[in-house]
2 protein chains.
Amino acid sequence: VSLESRLRSIVGGAHLIVERDVLATYQRDWTGRFHGEARCVVRPADTEQVASVVRECAAAGVALCIQGGNTGLVGGSTPMDGSVLLSTRRLDVVGDVDSVAWQVTAGAGVTLAGMQRRVRAAGLDFGVDFAARDSCTVGGMAATNAGGERVLRYGATRAQLAGAVAVLADGSVLTRMSGLPKDNCGYDLTGLLCGSEGTLGVITELRLRLVPLLRARAVALLAVDGTAAALDALRALRESLPALEAAELFFPAGLDLVLRHGDLPAPFPEPHPAYLLVECADLSDPAEPLLDAIAQLPGLRDATTSADASGRRKLWAYREQHTEAISAEGTPVKLDVAVPVSRLAGFVAGLPGTVLQAAPTARTVLFGHLAEGNLHVNVLDALDCADAITEAVLTSVAREGGSVSAEHGVGRSKARWLHLSRSAAEVAAMRALKRALDPAGLLNPGVLLPDVQPS
Amino acid sequence: VSLESRLRSIVGGAHLIVERDVLATYQRDWTGRFHGEARCVVRPADTEQVASVVRECAAAGVALCIQGGNTGLVGGSTPMDGSVLLSTRRLDVVGDVDSVAWQVTAGAGVTLAGMQRRVRAAGLDFGVDFAARDSCTVGGMAATNAGGERVLRYGATRAQLAGAVAVLADGSVLTRMSGLPKDNCGYDLTGLLCGSEGTLGVITELRLRLVPLLRARAVALLAVDGTAAALDALRALRESLPALEAAELFFPAGLDLVLRHGDLPAPFPEPHPAYLLVECADLSDPAEPLLDAIAQLPGLRDATTSADASGRRKLWAYREQHTEAISAEGTPVKLDVAVPVSRLAGFVAGLPGTVLQAAPTARTVLFGHLAEGNLHVNVLDALDCADAITEAVLTSVAREGGSVSAEHGVGRSKARWLHLSRSAAEVAAMRALKRALDPAGLLNPGVLLPDVQPS
C-alpha cells in the first residue's frame, strides 16, 4: 500500500491532494521566490490525524513540510522535492474566550484576523498584529515567532503563548494547554517550539494570551534630525507614555517613493532627515498625553498628530505604503535585520555606502521598527548583485552584533547566513536539540539549520 | 593530579574550598530540609573559569551542583554526595545601564537587590521582585524562572531575559548578549536554559530587560465574599487599571494567625470570607483611578486604601507576615501550586477537605497570587502526615489541570511528582533534550528529572 493510500485513509479522500494543478497552489510561496515539488498535500482535521500522518511519514522515511497560511518571506514552508506537505489550515477551531484568564484556544490553522474577530467581540485583543493578518495562521506565527509593529509594547508571538499542542517527529503529542502563567515544571517546550520553524514539531493548537482591547488611539508623525534624534525622542516618549504601542522609522528616500507612487500629500512643507511615526493606545483618549509629551521633546523639526480614525490611517499610510511604493520602482533585494539600538544610528549612516560597494548603481531604501533596531533593507536597481548585497549587508549587521533575521525567520533563504548571527557553539547546540527531537531529520529539512557546518 | 588540584589551578587557592566547616555553609539549603556532601566548592571568577571547571569535571566524570544565593525552596542547589559545588557568587559584575534599550548586563552571581540598586539609580526598574532579594542571585532567578508578586504585570523571569551567557556540559560557551528584542535566528536557547534548574547548562551572565521605575503607588485591601468574588473584582480592576501590578489573595485563617502573632490591628471591624490586596504603580499618582475603580466594584464587603509609603507597607504586612505567623504556630507542610483561575474557587473550597482526609488534625492556611491561580498551601499540625498531604494536594492539583510547582521549581523535592503536571510524552521530550546537551548527566543530577520513569 502506498504512503498516499495510508494518508488518505487517515484524512479522507478529499483532503489528500495529488492533482498537479491543486498542488501548485501550495508548492510556491507568495513572493514566487521559493518552490518545491511535494509528492502530495495532506490536510488533517485534528491533532490525532496530524499524529497519524507524522507516524506514517516517519515509518516511510518521507520528509514533511509544514505549511500554515503560506505567507512567509524566507521559504520556510515551501516543500523539499518529494516531501509530504502537511497543511494546517483545517485545524481552524477557535474556543471560547476566557475573560478571567484573558486567554483563548485556537487551532494552528486559524488566521490571525479570524482569531482577532473572536477575541475583540469579547472585549479583548491579541498582542501581535501585522498586514498578513487575513492569510497568516496563528500556528505559522508561533512557528516563526512572528513580530510586527506592537513588539515594543507586547513582545513578539513567543510572549503571547500560554501553551501549545504539538506533534513530535515520532508522532508523540505534547499537550500543555492549562494556560498557567506560573508553571515551573521543567523545560519550556512551548517556547522552544516557538521560532523553531517546524523543524522540531508540528504545532496543532495554541493557548494564546490576550491583552485589553484599547480603542482610544492617537498617532503622531515627527520630523527629526536623523536616527539618533529619533532614538532620543523614542526614549523620552517611552519614559512618559506607558500607552506607547508603535514607533516606526523611515527616511526621505522612502517617503519620496510613497509620494511619487501614491496619492498622499507631503506630510510637511519641507523634507526632513528622518521621520518617526508613533502610536499610543489606551482605555481613555491618549491624544492629550501624547501632545504633552511631544511638546516636551527638544529638537523636533516638525510634527503632525491625529486622534480620529481616518487621520490615523492617513499618517500610518506614509509608513505602510513603503512596500508597495518600492515594488512600483522595481524588484528590490529585501533584507530583514536588526542591530542593537545603541549601534543603530551608525549602522543606518553606513549602510548605503556598504551597499554601493557591492552594487555601484544601487539605491537603498530603509524603514523599520525603531524600538527593536529592526530595519527592513530594500535595495533597488541591483537585482543582479543580490548575493553580493546580501553578503555585504549581513556581514555588516553581524559586525554590529546584530541579527541576520529579526522577525521573518531563517527558513531556506537565510540558513547559509545563520553562522553570522549564531556562534559555532550555538549552532552545535541547536543541532543537538534537533537530533534529540527529530533524529531522522524528517521535519522541514533544509529549513533553519544549514546542511553544511558553518565555517 | 587530583581534580581538586586542577580546579585550584583554575580559580586560585582561595576559591577552591575543601574545609569541612566552610563547605557546611554551602551544603545545606536555608530551610534545612536538603543536604548533600560536596567534595569541594569551587568559586570561579568569570565565564572562562566556569568553562574550565566544567571541562575538568567532565573529564573526571564528576557531577556538578550549581549554586547561586542558595535561597531555593526545593533543593535544586544542594549537592549530590561527592559532586563539585560550583558557586556563581563571584560572577558579580553589573554593567552600565543601557537607557536606550532599557537593558543591563549582570553576572549570574549578582544579587537581585544589588542589581535593583544599579538600575534604579538610572531611573529604571526590574520586572521581578520578591522577599529574598538581598540573597538570591539573578543567575538563580533565571535558572528557576523565578516569579513573585509582579508576574501579573511583567511576567516571570523568563520574560525579563534579553540574552544570556551559559556554559554547557561539554565546556562550550553559548553567548547571546546583543539584547535584540527581535532576533529570529533559530531556537530560543536562552528561554530553554531559563527554568532548566541548572540541568542543561551553567548560566554565567545575563542581559536583562528593564521596565520604567514607577514611584507613584497606591494599595488597597478589599474584603470580598470569597475566591470567586475576588476573581470578579480582579477582572474588573484589570480592565480599568493598566497600572495594576499585584493582586494577592488571603483568607481569615491566615489573617487570624497574622493578628495573633504580630502587632497589626485588625484591618476591618469584622472578619470577611476572603481578602484581596491590590497595588497600582504608575508615573502619576494612581490613587484616584484606584479609588474610582474600587467604587465601581459590585458586592464589595469593605475596603481600605493607602497611597503613602507607610500606609502601603502596613497593608502589605497583612499579606507578607503570613509566612512568619504560620511558622510561629509550628512547622508547616508547604506546597507551591497553581490551578487555572477558572478552577480556582472550586479548588480553594475543596482543599481543606482534601487535606483533612489525609491528615484529620490538620489546619490548612492558604494565600497566594490571585491572577496566576498560584496558591501557597500551608498545612499545620500534621507534619507526620507530610507525604500523604503532599500526595493528596498535588493529585487534586493535577485533577484541575494545575501545576505541582508554580514558581519554586521542581528541584529534588518535587521530581517524583513531575509526572502529575507533565505527560509521559513531555517528560520523554525533556529527557531527550537533557541527553542532547548533557549526555553524561553531569549537571545537577537528581534535580528536575526524576531518576525513574514516570508511571
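The values are calculated or read from the model by the stated rules, or taken from the named source; none is laboratory data. If you're wondering where the values come from, they're calculated on a predicted model, not measured in any experiment. Positions of Cβ are generated from backbone atoms using ideal geometry, with glycine treated the same way; all protein chains shown enter the neighbour counts. Heavy atoms of the whole protein, side chains included, go into the accessibility calculation; ligands, DNA and RNA do not. Shrake-Rupley method; radii C 1.70, N 1.55, O 1.52, S 1.80 Å.
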The residue from A:A432, A:A425 that alone is without any contact (Cβ under 8 Å) to a residue 12 or more places away in the chain, under 25 Å from A:T199 (Cβ atoms) and open to solvent by less than 20 Å² (accessible area, probe 1.4 Å) is A:A432
Among the residues of region B:438-455, is there at least one that is within 10 Å of chain A (Cβ to nearest Cβ), under 24 Å from the mean Cα position of the chain (by Cα) and more than 23 Å from A:M430 (Cα to Cα)?
-> no
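Considering only region A:415-426, I want to know if a residue exists there that is touching a helix residue (DSSP H, G or I) at 6+ places or on another chain (Cβ under 8 Å), at positive phi and among the small types (G, A, S).
Of the residues in region A:415-426, the ones touching a helix residue (DSSP H, G or I) at 6+ places or on another chain (Cβ under 8 Å) are A:417-422, A:426.
Now restrict to residues that are at positive phi: none.
There is no residue in region A:415-426 that is touching a helix residue (DSSP H, G or I) at 6+ places or on another chain (Cβ under 8 Å), at positive phi and among the small types (G, A, S).
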Taking region B:141-189, which residues are small (G, A, S), in a loop (DSSP other than H, G, I, E, B) and closer than 20 Å to B:T88 by Cα?
-> B:A146, B:A169, B:G171, B:S172
From the set of residues in region A:344-402 that are touching a Pro at 6+ places or on another chain (Cβ under 7 Å) and on the phi > 0 side of the Ramachandran plot, which is most open to solvent (accessible area, probe 1.4 Å)?
-> A:G401
For A:D134, all conditions in the list (1) among the charged types (D, E, K, R); (2) open to solvent by less than 30 Å² (accessible area, probe 1.4 Å); (3) touching a strand residue (DSSP E or B) at 6+ places or on another chain (Cβ under 9 Å); (4) more than 9 Å from chain B (Cβ to nearest Cβ) hold save one; what is the number of the exception?
-> (2)
When (1) modelled with pLDDT under 95; (2) closer than 30 Å to A:G82 by Cα are applied to A:T361, the one that fails is (2)
Does region B:21-38 contain at least one residue that is open to solvent by less than 50 Å² (accessible area, probe 1.4 Å), among the aromatic types (F, W, Y) and modelled with pLDDT under 95?
-> yes
B:S9, sole failed condition from (1) of a type outside the set (D, E, K, R); (2) in contact (Cβ under 8 Å) with a residue 12 or more places away in the chain; (3) within 27 Å of B:L174 (Cα to Cα) | (2)
Check whether at least one residue in region B:407-419 is in a helix (DSSP H, G or I), among the basic types (K, R), surrounded by fewer than 22 Cβ atoms within 10 Å (Cβ to Cβ) and over 22 Å from the mean Cα position of the chain (by Cα), and report yes or no.
-> no
Among the numbered conditions (1) under 30 Å from B:G32 (Cα atoms); (2) assigned to a helix (DSSP H, G or I), tell me where B:S342 comes up short.
-> (1)
Selected residue [more than 10 Å from chain B (Cβ to nearest Cβ), part of a strand (DSSP E or B) and aliphatic (A, V, I, L, M)] from A:V379, A:V393 | A:V379
List the pairs whose first member sits in region A:188-213 and is more than 26 Å from A:V100 (Cα to Cα) and at the interface with another protein chain (Cβ under 9 Å from one of its Cβ atoms), whose second member is surrounded by 23 or more Cβ atoms within 10 Å (Cβ to Cβ) and aromatic (F, W, Y), and whose Cβ atoms are under 7 Å apart, counting only residues at least 6 apart or on separate chains?
-> A:L192/B:Y187; A:G195/B:Y187; A:S196/B:Y187
Test: residue in region A:355-370 that is free of Cβ contacts under 8 Å to residues at least 24 places away in the same chain, part of a helix (DSSP H, G or I) and more than 28 Å from A:S405 (Cβ to Cβ) | no
Single condition B:S240 does not satisfy, out of (1) more than 14 Å from chain A (Cβ to nearest Cβ); (2) open to solvent by 10 Å² or more (accessible area, probe 1.4 Å); (3) out of contact with any Asp or Glu (no Cβ under 7 Å at 6 or more places or on another chain) = (1)
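Evaluate region B:400-408: report whether one residue or more is facing chain A (nearest Cβ under 9 Å) and without any contact (Cβ under 8 Å) to a residue 60 or more places away in the chain.
For region B:400-408, residues facing chain A (nearest Cβ under 9 Å) and without any contact (Cβ under 8 Å) to a residue 60 or more places away in the chain: absent.
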Which residues, counting only those in region B:310-322, are in contact (Cβ under 8 Å) with a residue 24 or more places away in the chain and open to solvent by 50 Å² or more (accessible area, probe 1.4 Å)?
-> B:K314, B:E320, B:Q321
Can you find even one residue in region B:159-170 that is among the small types (G, A, S), modelled with pLDDT of 95 or more and open to solvent by 30 Å² or more (accessible area, probe 1.4 Å)?
-> yes
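Considering B:S87, B:S99, B:S77, B:S9, which residue is under 20 Å from the mean Cα position of the chain (by Cα) and open to solvent by 20 Å² or more (accessible area, probe 1.4 Å)? Please lay out each step first, then the result.
Values: B:S87 fails: open to solvent by 20 Å² or more (accessible area, probe 1.4 Å); B:S99 fails: under 20 Å from the mean Cα position of the chain (by Cα); B:S9 fails: under 20 Å from the mean Cα position of the chain (by Cα).
Result of the check over B:S87, B:S99, B:S77, B:S9: B:S77.
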What about B:D134, is it in contact with a helix residue (DSSP H, G or I) (Cβ under 8 Å, 6 or more places away or on another chain), farther than 30 Å from B:S5 by Cα and of a type outside the set (S, T, N, Q)?
-> yes
Residue pairs meeting the criteria (Cβ under 9 Å; at least 6 apart or on separate chains; first at the interface with another protein chain (Cβ under 8 Å from one of its Cβ atoms) and on the phi > 0 side of the Ramachandran plot, in region B:140-153; second open to solvent by less than 30 Å² (accessible area, probe 1.4 Å) and among the hydrophobic types (A, V, I, L, M, F, W, C)) | B:N145/B:A156; B:N145/B:C194
Between a first residue in region A:375-389 that is more than 15 Å from A:Q357 (Cβ to Cβ) and a second residue that is of a type in the set (D, E), which pairs have beta carbons less than 7 Å apart while being 6 or more apart in sequence or on different chains?
-> A:H376/A:D336; A:L380/A:E329
